[in-house]
Each structure stands twice: as C-alpha cells, then as structure tokens.
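The structure appears right after this line, and notes come after that.
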Amino acid sequence: MRVHLVNPSDASFGTAVITPRWLYVLAAATPAVVGDPILCDETLQHLDPASLQPGDVVGIGIHTGNALRGYAVGRMARERGASVVFGGIHATLYPNEAFEHGAAHAVVRGDGDLAWAQAVEDFHTGTPQRIYEGGRVGAGEFKPARWDLLPPDRYMWASVQTVRGCPKHCSFCSVWRTDGQKPRQRASDAVVEEIIQLRRIGFRFIALADDNFYPVSLTDIQLAERQNNAHRVAELKAIRSERFELMSRLAQLPKDTVFFTQITMEAAEDPDFLAAMRKAKILGALVGVEAVTPEGLKAVYKDFNCSGEKLVQQLQKFRDHGIHILGSFIFGLPSDRQDTFEATLEVAHRAGLTFAQFVMLTPFPGTVDFERWEKAQAENLKTVEGVPITRYWLVPPETRPKMFMPHPTMSSEEMRARTQRVWDDFYSMASIWKRSRCTPTLRARLAFIFISKLYRQMYASTGIATDSARRNRATQWARWLAKPCRRLFMGKPMPHLQWNGRASANSVLVGLKVGLFILQSLG
Ligand code: SF4
C-alpha cells in the first residue's frame, strides 16, 4: 500500500510561487510503516492516473476553489482501485459532498496533523472509519513539514506557519470560524528549525503562512485594561511577547533571508512591532484593506480598519518601516458606486503599495456572508447547468458565474469589467516600472517586474477573466514567466548552516568561502 497526497488544481504552471504547506505537513504526519508518501501538486503538473495502483490510499486536500477538480481526482483514484480520503476546509464544511461527488471512502475534518495518521493506519490495518474528527490541535502538536520531500527547482517561496487562528470576525472570511479565534502559536524553536532546513536547501524567500501574524493589537490590550480584566491583559501580553521572541530569533538568521506574512492594518499603530518585523527581515505583508470607505468597512465587519486619508497614512507607515505591502481590496460591496473603482485605484497608488489584488465579493462557505446569502437565495433558488447557485463551486470553471451577490446599482458584468480595468491599470508596465524603484539593485528591479507580471497573469487565468482565450493566454504567459522568476528568488544553498540559538556554520565541515559568506550575512 502506497500513500499519495494530491493538491488539486485546474491550472498547472510547471513552476509555482509558494509551496503548498499542507502537503508537506501531512507527509510528516504519515506513519512511517507505509513509507514516504508520493506528493502531487497539480499547480505544477496534473496527477498521472498510471501512478495509482489498487490498494493505494489517496489523500486529497480541498478548499472551495479547487473542490471540483479534487472530486474529479477522487473519482479517478477510486476507479483505479485506490482508497480515497478527503480533507481541507471545504471537506470539513461539506463532508457529504466528498462522498457524493468525490467518491470518498473517508473524510478528515479539521486539522489533519493527528487525524491523518489515524486514517492511514486504519486503512493499513483494514479498519477504516467514514469520518475522522481532527478538531483543532494544540500548537505543540503542529507537525513540522517534510521539506526533504520537496522536488528541486519548482517553487520560488517556501512556507512556514507560526500561528493558527485569528481573533477578528470579518464577514467574508472563514478563518476565524474554522481555525478559531484563539491564536495557537508555535514555539519559536520549532519555527526556526524549519527555516534553517529551508535555507540549507537554498530557499531565501519564506512566507510565514499565518492566518494573522499580529493576533494581539495594542487596542485589544488597552480594552482589557479598561475593563480591569487582569487575566485577559496577562494572556494578551503573553501572546504579544511570544511574537517578539519569535521575531528576535528570526533577526539572527542569515541576513539575506526575506519573509512575507499576512497582518491586520492595526499593526501600523504599533511602531515597536513594525520595527521588530523589519529587524526580523519580514519585508512584506498582505494587508486586507478591503474597502476605502467607512460604509464598505462596516459592511464586512472590518471597521477596525481606517478609511480615507487616514487609510493612506496607515499604509504608508508600513513603507516607512521598510515593509512592503500587498494590499487586498474587495469590489462589489453594496456601498460601492462607479467612482469606487477609481477611488480605490488612487488609494492603492498613493499609499505606496508594492502589490495589490482586487477581488470581487464572493460568498465563501463557512462565512457569515455565505449564510446570509444562502438564506436569501432559498426563496427563489436559481440553478446553473442544473446546479443550485448556492453550490456554485460544482459548476465547471468555464461556465461558473463570476458574481453571485446582486448589487443595488451595478450589473455583474459592469462590476467585472471595472474590476478588470483596475487590475490592468495597476499592473500596466508604466505603473510597475514606477513602483520597481523601491528595489535596491537592477537584478531586484528585474525580479520585481517579472513577479508583478506573473502575479497578474496567474490571477487572470483563474480569477476574473471570463473568456477562455484570455484565460489560456494568461496560463501560457504565467508558465513562461514563472521559470526565470524562480531563479531570481533562490539563494545559495547553505548545507552546513546550524542553529544553536543563533545561526552558525560548523567550521570543520564548511569551506572558508561558505564560512565567510555566513559571517558577512550575520553582520
Ligand atoms: S480577514 Fe483576516 S483579519 Fe479578518 S477574520 Fe480573516 S484572517 Fe482575521
């Protein structure tokens, strides 16, 4: 019996930006008795059916966006005599769907760090269960990823997780409901050990794949103090000091390491935190700006964000601390008007964002928005190709609608076209060239241009483009751009890098050249 783990994807680019962390974490969770699992990331290339044999176990991780492709992989695996196990956020929310559409033998719900091992063992001994409840495991039980199984030369960025869960409750996001609102932070030693392993094999750029890298804001602490809640204050301060401890460790890693993470805008009010991030080489962060007006922010329960001129100033504070921002905006909120698109673009330019993404409001399962929308549809349930619109992810991508929530003043097509124009403007060559001035060298400027174009093309291929010719062209472009891009991101492998509370190299094993390089890196 062999174990396969599959990350399904409709589009394959040959090279991918970020390693799908879950594949390598579940590889670590796979019991040794069945040997190393065979990993397939379909964003690189599609699964070869011939690689599956009767008696194999195939684990497929799905989110709403790739569920349909995942179900096709499941049916194909079962036809070839394999046992099929689904997991991931979407299977957690809709386990029955995995049985009905994906030919599942079993479903793992919640965190797979422990439950996956149980499922594999049960299939191995011939006693599988139908449902495995993984729940939310404690931070001490998070599995470190099996980076030794990474294929060479395929990814630009590695991914390491430092915290799961987010205390906020944005209406369009399912993270706080699935991963919980209580942050579960990994010990800094476990995080750094993984990073050292990645540096040894040549990864220099590492995404800290956290739900929210800033789980406690200064406002949270002040609020607890005002309520005289000493226990809560102590709890929040402990979480905060663990973040600082982690960042002080990251600061000791070779100085050409670059981290990227996700963070709430409130961090702009916390200069100590921003300074620690800069020292820790966290040079980029995704910030969910969502909307540029107070009405829009209220609509998505994100009124802790700023709007108007204050928003521009808050975003600039990250830049002032040397942290580049990928700003994320949502279009299609009920308060949006035709001039919202132009106003958003202007904010994105004026706030000095390095990258930006403009997504259309989509009701994702597990969110408050989805529940409201599903309820509202019930009275007059529409179907697309026989599929109820409230199960839109079961409609093939070519015919799947792009917008689901009717807008009070604009048609779906108008909003889609306006969103597309904002993308085209932000990622025009002239705009990218202007923004690329933020990089220190010509090589870095080139990398910036490549990655900007790649990001645009990858999104266009799977996101807002409606016509298939444009999608196919975008996929071709992305395949072409991804290869040279990857080379720009890779670092020199440091096979002898050690960690004894501080990155160092074993001088007996390492040649003088490598030693000098590391000493230089440590400054
Ligand atoms: S959108 Fe971000 S801040 Fe809001 S709940 Fe999700 S992870 Fe937390």
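The values are calculated or read from the model by the stated rules, or taken from the named source; none is laboratory data. Please read these numbers as outputs of a predicted model, since none were measured by experiment. Here the Cβ positions follow ideal geometry from the backbone for every residue, glycine too, while neighbour counts run over all protein chains shown. Remember, those area values only see protein heavy atoms, side chains included, never the ligands or the DNA or RNA. Shrake-Rupley method; radii C 1.70, N 1.55, O 1.52, S 1.80 Å.
Here is how the numbers come out for the structure above:
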item: Extension reserve of the K237-R421 stretch, reckoned as 0.36 nm per residue once the Cα distance is removed; result: 61.8 nm
item: The range 1-68 - convex hull of the alpha-carbon atoms, volume per residue in Å³; result: 93 Å³
item: Vicinal HN-Hα couplings computed from phi for the range 147-158 (Karplus, 6.51 cos²θ - 1.76 cosθ + 1.60; Hz; Gly/Pro x); result: 5, 5, 9, 5, x, x, 6, 10, 10, 8, 10, 8
item: Cα-projected label distance for V359 with K182, points at 7 Å along beta-carbon direction, nm; result: 2.7 nm
item: Rounded to whole Å, sorted largest first: equivalent-ellipsoid semi-axes of the chain, Cα gyration tensor; result: 32, 32, 25
item: Anisotropy class of the range 121-198 from Cα gyration tensor, a/c 1.5 cut; result: oblate
item: Gyration tensor verdict on the range 59-103 (Cα atoms; rounded if a/c is under 1.5, prolate if a/b is larger than b/c, oblate otherwise); result: prolate
item: Percent RCO, i.e. relative contact order, over the chain, from Cα pairs under 8 Å lying at least 6 residues apart; result: 13 percent
item: MRE, 222 nm, helices only [DSSP H, n ≥ 4, -39500 (n - 2.57), over the chain, to nearest 500]; result: -13000 deg cm²/dmol
item: Partners for K279 among lysines (Cα-Cα distance below 22 Å; same-chain residues under 8 apart left out); result: K237, K255, K317, K492
item: Highest-first arrangement of 113-119, 312-318, where packing means the average Cβ count within 10 Å; result: 113-119, 312-318
item: Rg to Rh, two decimals, where the range 59-145 supplies the alpha carbon set and Rh follows Kirkwood; result: 0.97
item: With every protein chain in place, the chain: carbon and sulfur % of accessible area (1.4 Å); result: 54 percent
item: Accessible-area ranking of D36, D220, largest first, probe 1.4 Å; result: D36, D220
item: Cys with no candidate disulfide partner in the chain (beta-carbon separation under 4.7 Å rule); result: C40, C166, C306, C438, C485
item: Ordering of 351-362, 247-258 by burial proxy (mean other Cβ atoms within 10 Å per residue, highest first); result: 351-362, 247-258
item: Overall form of the range 93-247 per C-alpha gyration tensor (a/c, 1.5; a/b vs b/c); result: oblate
item: Projected area, mean over directions - the range 278-358, Cα convex hull, nm²; result: 5.0 nm²
